[in-house]
Amino acid sequence: MINKAALLAVLATTLLLPAAVVPPATANAQTTTASRQSPQLVVEAISPDVPREPTTEIKISGSFTNTGTEALANLRIRMRYSSQPFARRADMAAYQSGQGLQPTTWNQLNVPQVAPSAKAPWEFVSTPQRLGLTRFGVYPVMVEVLDPIGQQLAVQRTFVAYMPKDVKVPRTRLAMVLPLIDQPRRADDRTFVSDGLPASLADGKRLGNLLEIARDTSSAKGLTWVVDPALLDDVRALGRAYTLRTKDKSENRPANAAAAEWLGDLRTALAKPPVVATPYGDPDVAALAHNGVDDVTETGIDAARIVARETLGRDVLTDVNWPVNGLIDYDGLDLLSTGDVATVLLNPLNLPPAIPPATTPDASATVESVNGPITALVTDTALGEIIGADTSAPGAALMNRQRFIAETAMISSEPVPTARTVIGVPPRRWDPDPAYVTGLAKTAATLPWLAPATLDAIKRGKGAPTPRTGLTYTDQDRRKELAKPYVGSVKRVAARADLTAAVTTEQDLDVFDLAVLRLASSAWRDRAETATPYVKQVGTAVDARIGKISITGTEQTQIRTLAGKNGDVPITVHNGLGQDVDANQVTVRLKVTSDQPRLLKIEPYEAKDDPIVLRGGQNRTIRVPMTATTTASGQTTVTVQLTTADGRNYGRPVELTVRTTGYTGIALVIVGAALLVMLAAVIMRVLRRRGTRRASAATVPPRRASAPAGTES
C-alpha cells in the first residue's frame, strides 16, 4: 500500500508533472485491466466552506481505491480547475453532467502503484490567489485519475465558492422545509392493518432518523416542518393496546412503549419551530376534486388542526398546504381554498415563469382561486434535490453539501438589486441521513450570503414579481393521481360512513372521518392493491355500526295479525352501540309503508315526524296504527325503514306481513242477529205473560153474598 506521508510529500513538491512513459503493450494491458476493475475515487474533505481571503489555504483531499484483483501502476491523480466563475446556474448543471464548461488548468501528482483492495490517499493544497480566483462566485473543480496512457479511470466534479471579505451582497432568504409524512397504518381507529410502523420508529430507521433530525435541529434557524397528523395519530394508537389484523388472523397486542417514547420526544423537539400540518392522512386533493369527493379535503384540514393539537400539544399551521409533488390544478386549488388555505407550496413546473428568467426568481407568487387570490410559494428544484439526496455512497454527503454551498452562492451572486427568497423541499417520503441534513442546516446558518427563514415569515419580495403562466397540470400529472376505480370505492365507503354521522350526536370529528381520510391518502398512489385491505376493513366496520341500530322482531316470516278492520302494530327500534359513550346516542326516524295501500292503510303514528332518540343499549317501541280498507280477510306486506333526519335510508329495510281477519264486520252481524232474537224472545215472553193473566181472570167463579145471621141457606 502506498505510504500516505510519502504521497503528500510528492504532492507538495509536484505541480504540472509530465505523464509517466509506459511501453504500449504494457499500457494496453493495464487499460484493459483497469476498465474491468472500476476503481473508486472519493472526495473526502474540502475546506474551508468559503475562503474569504486571497491567501486562505484551500484543501481538497480524498482517496483512490483499487477495487480490482490486480495492482495498478503509474497512475496520475489530477486536479483541474478554472479561474473563471460560472455565469449561470444552468452552466453548473451542465458541468456536473460532463458537458459545457470544463476546467483546463491542472495540478497533478503521481501514484507509483496501488495494490488490489488498497487505498491511496491524496490531497491538493492551494489558495484563491494561486488558483486565480478574484471575485465572488462559484468555480469548477474536477479531480480525476488517469492511467499511463491518459485514459480517465475515475472522476469527481465539484465546486469551490469564493467570496472576498469586502464583497457585500443582499442576503438570500432560504427556507428549508422538512417533511414528516408516512403512510396510513390503520383502517378503522382500533385496527392496524400493517405492522411496519414499530420497526420504522427504531433508531437508524426512517422515522427514527427523522426524529433525530428534529432533535438535533430544534434550535436551528430557517427550518419548517410539514407533518401529517395521521402519522402522529397512528403512533399514539400504537402506544396503547391495539388490534393487528392481517389476511389470516386478528390478534390483540399490548401498548408499544417505544412508540409512546418516540411521540413524546417529537413533541419536545417540535415545540419551537414552525409546523405545517397536511390535511389528516395527506389526502390526494387533486384526485378527490376530479372524482367529485369534495367534502373530504375540508374535513381533513379540520381534523389536522384537532389531532395535531392533541398529539403535539401546540397549534400548527393549517392554512398552508403542500399538494402531492407540489402539483395542483384549479379544481384542487378551489377545494383547498374552501378549507381556508391561504398559501400553497408548489413545484416550479406547476407555476413556471412566463419567460425563462436569466436569474433565479423570487419564490413568492399569486394564483387565483374561486375564493380569491392565494399566495404561491414556488420551491427550488436543485435545492430540494440536494436536501433529499441519497448520501449512502462514499463521499456523497460531502459532494452534495458542496453543491448546496455552490447553488446558494450562485443565487446570491446573480446580478439582482434586491434580496429574494428560495425554498428547498426534499421528496415527500424521503429517507434522510440525520448527520447530513443536520450539517446542511448548520452550514446554511454560517454562509455569509444566506439569511435562514421560515415559511410563516416569508413575504413578497420588494422587486417586481416574476410573471408566471398560471397553474400547469398535465395529463401525465393526472395519470399519477389515485386511480378512479379506487377513489370510487373510497367514495362508496364514505357515503355509508356519512350515514352513521347523520344519526349520532354532533361532535368535532365523526366516527369514521379519520378512517376515510386515511383511505384517501396520497400514499396509495400506484399502490391500490396495498390499500384494498384498508378499504375492506373500514367498509366492514361501517356496516357493523350501521347494523347495530336496527328494527327488532320483524323477521319476514313473522306474521302480525290485525284483529279487525283497524288496530296497532308494534315496531321496536334497538340501539346496540353500547351504554357508556355519549356519542353512542342516536337519532333516527321511522318510515312504514304498505305495499298495497288500497288494502291496508298506514295511519299517522308517533315518531313519523318526530325523531326517535335512543341512548346506547336502549329500545323503543312505536305503535303504528293500520286500517284495512276491505272487510275480507287477507295479508299485506309492510316495509319498515329507518331513516336519517334528512330522509336518507339508514340500513336495510325490513319487511313484515300483516294479516287482516275481517272479524269486525261479521261480529256486528252476529251481535245484531243475537240482539234481534233476544228482543223477539223478550217480547214474546211479555205477551205470553199478559195473555195468561187475562185467561186466569176469566175462569174464576163469582163470590156469593153472605146471609143474615140466623137465616138458613
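Looking only at segment 38-55, which residues are assigned to a strand (DSSP E or B) and within 21 Å of residue 115 (Cα to Cα)?
40, 41, 42, 43, 44, listed by residue number.
Quick one: count up the residues across segment 482-533 that are buried (at least 24 other Cβ atoms within 10 Å of the Cβ), more than 19 Å from residue 280 (Cα to Cα) and modelled with pLDDT of 95 or more.
Total satisfying the criteria: 0.
Checking the condition within 24 Å of residue 39 (Cα to Cα), open to solvent by 30 Å² or more (accessible area, probe 1.4 Å), in contact (Cβ under 8 Å) with a residue 40 or more places away in the chain and more than 46 Å from the chain's Cα centre (by Cα), which residue from 102, 96, 113 passes? Can you show your working first?
Values: 102 fails: more than 46 Å from the chain's Cα centre (by Cα); 96 fails: more than 46 Å from the chain's Cα centre (by Cα).
Going through 102, 96, 113 in turn, the sole match is 113.
Any residue in segment 180-198 that is under 12 Å from residue 517 (Cα atoms) sitting within a Cβ distance under 9 Å of a residue that is open to solvent by 30 Å² or more (accessible area, probe 1.4 Å) and outside any loop (DSSP other than H, G, I, E, B)? List the pairs, counting only those 6 or more apart or interchain.
Close Cβ pairs (under 9 Å, with a partner that is open to solvent by 30 Å² or more (accessible area, probe 1.4 Å) and outside any loop (DSSP other than H, G, I, E, B)) amount to 183/530; 187/245; 187/533; 187/536; 187/540; 188/540.
Answer with yes or no whether residue 61 is under 43 Å from the mean Cα position of the chain (by Cα), open to solvent by 20 Å² or more (accessible area, probe 1.4 Å), modelled with pLDDT of 95 or more and not charged (D, E, K, R). Lay out the reasoning, then the answer.
Working: under 43 Å from the mean Cα position of the chain (by Cα): no; open to solvent by 20 Å² or more (accessible area, probe 1.4 Å): yes; modelled with pLDDT of 95 or more: yes; not charged (D, E, K, R): yes.
Against the criterion (under 43 Å from the mean Cα position of the chain (by Cα), open to solvent by 20 Å² or more (accessible area, probe 1.4 Å), modelled with pLDDT of 95 or more and not charged (D, E, K, R)), residue 61 does not qualify.
Filter segment 309-319 for residues that are aliphatic (A, V, I, L, M) and open to solvent by 20 Å² or more (accessible area, probe 1.4 Å); which is farthest from residue 262 (Cα to Cα)?
Among those that are aliphatic (A, V, I, L, M) and open to solvent by 20 Å² or more (accessible area, probe 1.4 Å), it is 317.
Name, by its number, the condition in (1) within 20 Å of residue 43 (Cβ to Cβ); (2) in contact with a strand residue (DSSP E or B) (Cβ under 7 Å, 6 or more places away or on another chain); (3) open to solvent by 10 Å² or more (accessible area, probe 1.4 Å) that does not hold for residue 130.
Unmet condition: (2).
For residues in segment 148-162 being surrounded by fewer than 23 Cβ atoms within 10 Å (Cβ to Cβ) and either of a type in the set (Gly, Ala, Ser) or not in a strand (DSSP E or B) (or both), which is nearest to the chain's Cα centre (by Cα)?
Only one residue fits best here, namely 154.
If you scan segment 133-147, which residues turn out to be part of a strand (DSSP E or B) and either surrounded by fewer than 18 Cβ atoms within 10 Å (Cβ to Cβ) or not hydroxyl-bearing (Ser, Thr, Tyr) (or both)?
Step one: list which residues in segment 133-147 are part of a strand (DSSP E or B), which gives 137-146.
Listed by number, the residues that qualify are 137, 138, 140, 141, 142, 143, 144, 145, 146.
For segment 286-343, which residues satisfy the criterion of being of a type in the set (D, E, K, R), over 23 Å from residue 267 (Cβ atoms) and in contact (Cβ under 8 Å) with a residue 60 or more places away in the chain?
Result: 329, single match.
So is residue 374 modelled with pLDDT of 95 or more and hydrophobic (A, V, I, L, M, F, W, C) or not?
Here the answer is yes, as residue 374 does meet what is asked.
Restricting to segment 496-518, count the residues that are touching a residue at least 40 places away in the same chain (Cβ under 8 Å) and assigned to a helix (DSSP H, G or I).
12
For segment 392-491, please list each of the helices (runs of 4 or more DSSP H) lying entirely inside it that holds at least 1 residues being under 22 Å from residue 224 (Cβ atoms).
Per the criteria, 396-413, 434-446.
The values are calculated or read from the model by the stated rules, or taken from the named source; none is laboratory data. Just so we're clear, the structure is a prediction, and the values are computed from it rather than from any experiment. Neighbour counts run over all protein chains shown; Cβ positions are idealised from the backbone, glycine included. Side chains are part of the model used for accessible areas, which takes the heavy atoms of the whole protein and leaves out ligands, DNA and RNA. Shrake-Rupley method; radii C 1.70, N 1.55, O 1.52, S 1.80 Å.
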